[in-house]
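Only the coordinates and a few stated rules stand behind these numbers; no lab work does. Model, not experiment: these values are computed from the prediction. Neighbour counts are summed over all protein chains in view; Cβ atoms, including those assigned to glycine, are modelled from backbone coordinates with ideal geometry.
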Amino acid sequence: MQAPIKVLVVDDAALYRTALTMALNRDPGIQVVGSAPNGRVALSRIEQLKPDIVTLDFEMPEMDGLQTLRQMRTQFPGVRAIMASAHTRRGAELTLDALAAGATDFIEKPSGAGTEQVLQEVAAQLIPMINGICGRASSAEPAAAASRQRTSNLVRLTMPKQLLVIGVSTGGPNALAEVIPRLPAGLPVPVAVVQHMPALFTAQLADRLAAKSQVPVKEAAEGELLKAGQVYIAPGDWHLRVKRQGTGFVAALDQGAKLNSCRPAADALFESAVEACGHRVLACVMTGMGNDGCKGAAAVRKAGGAVLAQSRETCVVWGMPRAVEEAGLADEVLPLTELAAAMVRYAPKG
């Protein structure tokens with residue numbers, strides 16, 4: 001039997017610490033080994049209790065969450081951090097700062113809620129996240145046996161693509177910050193991205209990527225023409241689908257049912273790309289929990305498109321790429337630093 005995952009809860013609100021501890025202890029595979037009211041106390045308790053994961057609030061006295069995180073990365077680089085973020089524009093900015101500083105993931109912190117509601121909301125977000133980060137989430141269901149056989153052929157892999165679609169989750173902001181800035185100006189195809197994030201956060205992510213990239217990056221808008229050489233991020237809480245319009249493509253947004261517990265979902269984007277573009281689609285599945293993107297990757301392969309997957313050793317969580325790779329759907333499995341070059345290879349030349 002595996003040892004429980006050890007968690008340290010850090011928050012200046014005693015009620016929230018108690019509620020979070022109760023929520024996490026509902027999972028027999030998780031053990032809350034302690035708590036702390038601020039970052040200064042947390043650092044001493046990390047050394048004493050040796051947790052696997054620390055949950056960190058941002059706003060705390062003496063030493064806030066971001067300061068604590070940066071100190072953790074120096075003193076305890078092997079300990080993962082999950083930030084508890086307020087659902088505000090400022091909260092989104094701080095969260096992206098924390099992810100860039102080395103936080104593994106974040107949850108939205110309930111505000112003004114009673115203890116039982118906190119328990120339910122936090123348990124729904126945090127327990128699967130902790131298990132996934134520590135490699136204990138249930139593995140994705142394998143695709144049908146027929147699709148597990150690689151059917152790569154020269155024509156499919158050398159046919160220039162007209163549309164690039166990307167699906168990514170846990171670890172995604174930093175992964176995208178490695179890939180998108182490596183795409184060259186004038187890339188002859190549009191790029192559509194699903195990053196599992198709430199509303200407000202995706203707009204901030206797009207702005208940050210745009211500031212460091214050669215290609216324009218923006219949050220997708222309903223009905224807008226997807227231009228070659230531009231990157232479009234699905235807005236949080238909205239599925240992004242691609243529709244054919246004449247010789248080009250437009251963005252279509254909807255708040256239909258969640259897929260794989262996600263909205264936006266990579267499967268929604270990938271499957272719509274196949275409907276709009278057929279075999280001229282290149283899909284890329286990057287770091288993240290669960291199996292979102294696997295069904296869509298199967299649709300891309302069935303139509304004659306190509307699929308890239310991020311390599312296990314460069315993923316924060318090898319869940320989404322694992323599902324694709326183990327189903328035999330990945331044409332190439334590549335390290336993070338090689339994905340952009342591969343995307344360019346599949347684009348039209350000249």
* Structure fact -> Highest GNM mean-square fluctuation among A42, A124, A220, for the chain with Cα springs under 10 Å, belongs to A124
* How far, in nm, would the chain grow between Q71 and E59 when pulled straight, counting 0.36 nm per residue and subtracting the alpha carbon separation? -> 2.7 nm
* Structure fact -> For D52, the net charge from surrounding residues (Cβ-Cβ under 9 Å; K, R +1; D, E -1) works out to +3
* Asked: Where the Cα atoms of the stretch 5-133 are projected onto their three principal axes, how long is each span, largest first, in whole Å?
  -> 35, 33, 27
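Explain nothing, just the number: dipole magnitude of the stretch 146-265 about its Cα centre with +1 on each Lys and Arg Cβ and -1 on each Asp and Glu Cβ, in debye rounded to the nearest 20. Spell out each step's value before the answer.
Details: 14 positive and 7 negative charges, 104 e Å.
Once rounded to the nearest 20, the dipole reads 500 debye.
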* Point-charge dipole on Cβ atoms (K/R +1, D/E -1) for the chain, about Cα centre, debye to 20 -> 1040
* **Residues listed by number, the stretch 71-99, amide nitrogen under 19 Å from T21 label point at 7 Å toward C-beta** => 82, 84
* With a sphere of radius 12 Å drawn around the Cβ of G34, what net charge do the other residues whose Cβ falls strictly inside it have (Lys, Arg +1; Asp, Glu -1)? -> +3
* **Fraction of antiparallel bridges per DSSP, the chain only, in percent to nearest 5** => 15
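To the nearest 20 debye, what charge dipole does the stretch 195-238 have about its Cα centre, counting +1 at the Cβ of each Lys and Arg and -1 at the Cβ of each Asp and Glu? Spell out each step's value before the answer.
Numbers: 4 positive and 5 negative charges, 51 e Å.
Using only the charged Cβ atoms, the result is roughly 240 debye.
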* To do: Go ahead and set up a Gaussian network model of the chain, Cα springs under 10 Å, then flag whichever of V32, V317, V307 fluctuates most.
  => V32
* Structure fact -> Among K218/K258; K50/K295; K50/K218; K295/K349; K6/K302, the pairs whose Cα-Cα distance exceeds 31 Å are K50/K295; K50/K218; K6/K302
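Rank the residues K6, K109 as a footprinting-exposure proxy: fewest other Cβ atoms within 10 Å of their Cβ go first. Don't skip to the answer; put the middle values down first.
Values: K6 18, K109 24.
Final ranking by Cβ density, sparse to dense: K6, K109.
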* Asked: Candidates (1) 56, 45, 41; (2) 62, 54, 42; (3) 59, 42, 36; which is the computed Cα extents along the principal axes in Å?
  -> (3)
* Gap in Å between the Cα centre of the stretch 331-349 and the Cα centre of the stretch 173-191? -> 11
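Summing +1 for each Lys or Arg and -1 for each Asp or Glu, what net charge is found among the other residues whose Cβ lies under 12 Å from the Cβ of R90? Walk me through the numbers on the way to the answer.
Working: positive: R89; negative: E59, E93, D97.
It works out to a net charge of -2.
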* Asked: Gaussian network model of the chain, Cα springs within a sub-10 Å range: biggest mean-square fluctuation belongs to which of A84, A268, A101?
  -> A101
* To do: Using a cut-off of under 19 Å, list every residue of the stretch 57-84 whose amide N is near the label point 7 Å from the Cα of R136 along the Cα-to-beta-carbon line.
  => 78-83
* To do: Starting from the Cα of Q31, move 7 Å in the Cα-to-Cβ direction to define the label point; list residues of the stretch 1-21 whose amide nitrogen is under 15 Å from there.
  => 1-9
* To do: Beyond 19 Å, what share of the Cα-Cα pairs of the stretch 225-286 is found? Please give it as a whole percent.
  => 26
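Above 28 angstrom, tally the Cα pairs of the stretch 196-350 and express them as a % of all pairs, no decimals. Display every interim value, and only then the final one.
Values: 1570 of 11935 pairs.
Cα-Cα pairs in the stretch 196-350 separated by more than 28 Å: 13 percent.
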* To do: Would you mind computing, in nm to one decimal, how far apart the modelled labels at A211 and E178 are, each placed 7 Å from Cα along Cα→Cβ?
  => 2.2
* **For the stretch 145-346, share of DSSP beta bridges that run antiparallel, in % to the nearest 5** => 25
* Under a plain spin-label model, where a point goes 7 Å from the Cα along Cα-to-Cβ, how far apart in nm are Q2 and E116? -> 3.2
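Starting from 0.36 nm per residue, how many nanometres of slack lie between R345 and E313 once their C-alpha separation is accounted for? All intermediate terms of the calculation are to be shown ahead of the outcome.
Details: separation 32, 0.36 × 32 = 11.52 nm, distance 2.27 nm.
Going from the current span to full extension adds 9.2 nm.
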